[in-house]
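Notes follow once the structure below has been shown.
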Amino acid sequence: MANTKIHRTRSTKYTQAHLNLCSKTSKLTKCPKCEMTYSTFTTYDTLTHRKYHDLHLKGKKWNSNWGKIVWTSAKSNERIVMIRPSNNAEVKATLEIMDIVNEELNAPHDENYFWSDEKKLDGKAFLYIKNDRAVGVVIIEGLQRQNEARGRWMIYDTREIVPNVFPEFVYGISRIWVCKNQRLNGIAFKLLELSRENLIYGRVIDKHLIAWSQPTDDGGKLASRFNSVTHKSGKLLLPCYI
Ligand SMILES: CC(C)(COP(=O)(O)OP(=O)(O)OC[C@H]1O[C@@H](n2cnc3c(N)ncnc32)[C@H](O)[C@@H]1OP(=O)(O)O)[C@@H](O)C(=O)NCCC(=O)NCCS
Ligand SMILES: [Zn+2]
């Protein structure tokens, strides 16, 4: 889900000076690659864009000690790690990635406690590391903490929710993201497979017990490959939750 970003954090003083002095140079530019809108006139904007741009396209540089390794590729320098909430450095690095993810998804920025706060744990974060950069992330949350019927079926073609049916799912994919340059390489699928093997020790979670939170277009395509079901009407249904 692409969206336009405009800086809200620039100081009023700076903005005013800049608007009064040179309306021509104050024009905003939209980066065609990361889709951020920013002003090339301010150093702050330029630096912020560079940081966002790099992370969005190439992922975040990752320290080799961060995260517990749950899978390593036999061929290449690739692995999947699980974030340990007791390790501040790896939590902080993941939160930085989540800022970019939530910006892109237009999603709330305050839904990290269930994988990062030791007192409120009910989920896990997994990251895909490739050539020493975190290039993908999936955040999984438990769905059974509140006694609410959160499960729904979404019709893939029309994105309509099937009325009056409340399926029960055990885990929810709160966020899933892969940096732009690494998409369509099977990274998201691998993250989903490895997370269902590592949510509970010694058990692999059936993929049909996992639901999606408001899938984007890309997310819907991934969901249709991962765990959609075909209804007797012939329609493809995605497991979702609210
Ligand atoms: C959705 C997203 C995580 C997919 O990541 P990815 O690493 O490119 O996905 P994968 O390569 O593992 O794809 C797995 C399968 O889904 C399909 N798929 C995934 N994204 C697709 C897309 N945009 N178009 C067509 N098919 C797609 C792949 O073709 C593949 O199927 P295959 O095994 O038959 O080839 C990535 O596009 C992304 O980060 N998008 C922005 C954030 C977002 O929308 N997140 C989803 C929130 S619900
Ligand atoms: Zn950019």
Separation of the ARG145 and ILE69 label points, Cα + 7 Å toward Cβ, nm: 3.1
Where labels lie 7 Å past Cα in the beta-carbon direction, separation of PHE189 and GLU118 in nm: 3.9
Sites ARG203 and TYR44, calculated FRET efficiency, Cβ-Cβ separation with R0 30 Å, nearest 0.05: 0.05
Dipole axis of the range 116-242 (+1 Lys, Arg; -1 Asp, Glu on Cβ), positive-most option in SER213, LEU192, GLY172: LEU192
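Please sort by residue number the trypsin sites (Lys or Arg not before Pro) in the range 168-242 whose DSSP state is loop and whose Cβ has at most 10 other Cβ atoms within 10 Å.
In loop regions of the range 168-242 (DSSP not H, G, I, E or B), the sparsely surrounded trypsin sites (Lys or Arg not before Pro) are LYS232.
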Alpha-carbon Rg with Dmax, taken over the range 134-174, Å: 12.9, 40
For the range 140-162 versus the range 40-58, the gap between their alpha-carbon centres in whole angstrom: 36
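What is the local net charge at ARG133, summed over the other residues whose Cβ is closer than 12 Å to its Cβ (Lys, Arg +1; Asp, Glu -1)? Intermediate values should be presented prior to the final figure.
Numbers: positive: LYS58, LYS60, LYS61, ARG79, LYS130; negative: ASP54, GLU78, ASP132.
That works out to +2.
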Dipole of the range 117-242, positive end: most advanced residue of VAL162, LEU143, LEU237 [Cβ charges, Cα centre]: LEU237
Space enclosed by the convex hull of the alpha-carbon atoms of the range 152-242, per residue, Å³: 102
Environment charge at LEU236 (Cβ cut-off 14 Å; Lys +1, Arg +1, Asp -1, Glu -1): +3
Whole-Å semi-axes of the range 23-165's equivalent ellipsoid (Cα gyration tensor): 30, 25, 16
Translational D in µm²/s for the range 29-108 (Stokes-Einstein at 37 °C, 0.692 mPa s, Kirkwood Rh from C-alpha pairs): 225
Kyte-Doolittle mean at least 0.0, axial Cα span of 20 Å or more - DSSP H helices of the chain: 88-105
The chain - convex hull of alpha carbons, volume per residue in Å³: 164
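Quick note: the coordinates plus some simple rules give every number you see, no bench work behind them. None of the values given here were measured: they were computed from a predicted structure. Note that we place each Cβ from the backbone using ideal geometry, even for glycine, and neighbour counts take in every protein chain shown.
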